[in-house]
Amino acid sequence: MKKRYNFFVLNPNEVSLWRAALSVTEEQLSEFFAVLSPDEIARAEKFKFPIHKQRFIAARGILRCILSYYLLIEPQEIQFSYTAHGKPYIADNDVEFNVSHSHDMAVFAVTKRFPIGVDIEKIKSTYEDAVAKRYFSQQEYAGLQEVSLAQQAKTFYQIWANKEAVIKAMGLGVHYSLESFTVPIKETKRVFSLQLEKTNWSLQTFAAHPDYTAAVVTEQPIEKILYWEWTLMGPQIWK
Ligand SMILES: CC(C)(COP(=O)(O)OP(=O)(O)OC[C@H]1O[C@@H](n2cnc3c(N)ncnc32)[C@H](O)[C@@H]1OP(=O)(O)O)[C@@H](O)C(=O)NCCC(=O)NCCS
């Protein structure tokens with residue numbers, strides 16, 4: 001793994017959103033593999049399909065590279081801790097992050113001091129109405145019925161990404177009732193404010209790629225978002 005050449009500073013109420021493609025060369029994959037911890041290697045070995053194993057290794061390798069820019073340590077030196085619900089974090093540090101992957105795209109959100117959650121979903125041409133009925137709030141489900149047929153699948157995946165980003169910021173995963181809260185049903189230009197469990201959450205949708213929809217949620221007012229792309233040549237601004 002090449003030495004770090006970059007360092008990034010996190011300012012209060014600022015969120016950095018990174019995007020990356022997970023289809024990397026064999027050589028790059030070996031470099032990523034070399035920086036993983038024993039428990040990450042054990043997880044990688046458990047995937048049944050090579051493509052899922054490769055994407056996991058790439059996502060963890062890229063995550064370690066990105067975090068090394070903020071933590072100013074080498075990617076392999078980063079030690080992850082996990083909450084009871086499996087959310088990774090770095091102990092004794094105010095750098096907060098979250099990760100999401102869908103097919104061969106990954107997004108990474110980094111901020112300071114406040115919990116953060118991010119989610120990306122590939123926009124497929126169809127969706128399961130039963131899933132929307134089961135997991136969406138009544139308002140979300142009704143809103144989905146009102147959009148044109150051509151926009152329904154996209155709207156479904158946007159709602160899904162918004163809801164997942166909320167529960168990922170809270171760190172609760174499946175342990176929070178998804179139908180109990182309502183998110184915007186379309187891409188939002190402005191930061192959306194959501195009151196949940198006596199906490200004010202800020203939600204912002206973003207388009208990391210034309211075929212995907214994504215959202216970030218954090219427990220702080222978002223004043224600025226920086227959009228970075230992780231590439232082999234180093235970080236690039238993408239928006
Ligand atoms: C973790 C969870 C919250 C998101 O998983 P997902 O959408 O399948 O996958 P993503 O790629 O977006 O996120 C996975 C990453 O989230 C992080 N993560 C794991 N547990 C987490 C938690 N409790 N909270 C926040 N982040 C978590 C990890 O970094 C993980 O990456 P890794 O697999 O490389 O370790 C999932 O376990 C979950 O509970 N999903 C809810 C399922 C559901 O009912 N969805 C219906 C939506 S309408």
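The values are calculated or read from the model by the stated rules, or taken from the named source; none is laboratory data. Predicted model, so just to flag it, every value in this text is computed and none were measured. All Cβ positions, even for glycine, are placed from backbone atoms using ideal geometry, and neighbour counts span all protein chains on display.
A few comments on the model shown:
- For the range 37-59, the set of residues classified as without any contact (Cβ under 8 Å) to a residue 40 or more places away in the chain and part of a loop (DSSP other than H, G, I, E, B) consists of F47, K48, F49, listed by residue number.
- Boolean, L203 is outside any helix (DSSP H, G or I), surrounded by fewer than 21 Cβ atoms within 10 Å (Cβ to Cβ) and among the hydrophobic types (A, V, I, L, M, F, W, C): no
- The lone criterion from (1) more than 13 Å from the ligand (Cβ to nearest atom); (2) over 18 Å from N98 (Cα atoms); (3) in contact with a Lys or Arg (Cβ under 7 Å, 6 or more places away or on another chain) left unmet by F49 is number (3).
- A153 meets the stated requirement of being of a type outside the set (D, E) and surrounded by fewer than 22 Cβ atoms within 10 Å (Cβ to Cβ).
- Members of the range 165-184 that are crowded, with 18+ Cβ neighbours inside 10 Å, more than 6 Å from the ligand (Cβ to nearest atom) and over 24 Å from E146 (Cβ atoms): A169, M170
- First in the range 83-95 and touching a residue at least 12 places away in the same chain (Cβ under 8 Å) and β-branched (V, I, T), second anywhere and in a loop (DSSP other than H, G, I, E, B) and within 14 Å of the ligand (Cβ to nearest atom), Cβ under 6 Å, 6 or more apart: T83/G171
- Residue within the range 227-235 that is within 16 Å of the ligand (Cβ to nearest atom) and either in contact with a helix residue (DSSP H, G or I) (Cβ under 7 Å, 6 or more places away or on another chain) or free of Cβ contacts under 8 Å to residues at least 40 places away in the same chain (or both) present: yes
- Within the range 148-164, not a single residue is within 14 Å of the ligand (Cβ to nearest atom) and without any contact (Cβ under 8 Å) to a residue 12 or more places away in the chain.
- Any hit, the range 73-85, residues being buried (at least 17 other Cβ atoms within 10 Å of the Cβ), farther than 21 Å from V217 by Cβ, at pLDDT 95 or above and among the β-branched types (V, I, T): yes
- Whether a residue is modelled with pLDDT of 95 or more, part of a strand (DSSP E or B) and either out of contact with any strand residue (DSSP E or B) (no Cβ under 7 Å at 6 or more places or on another chain) or of a type in the set (A, V, I, L, M) (or both) was assessed, and A214 passes this test.
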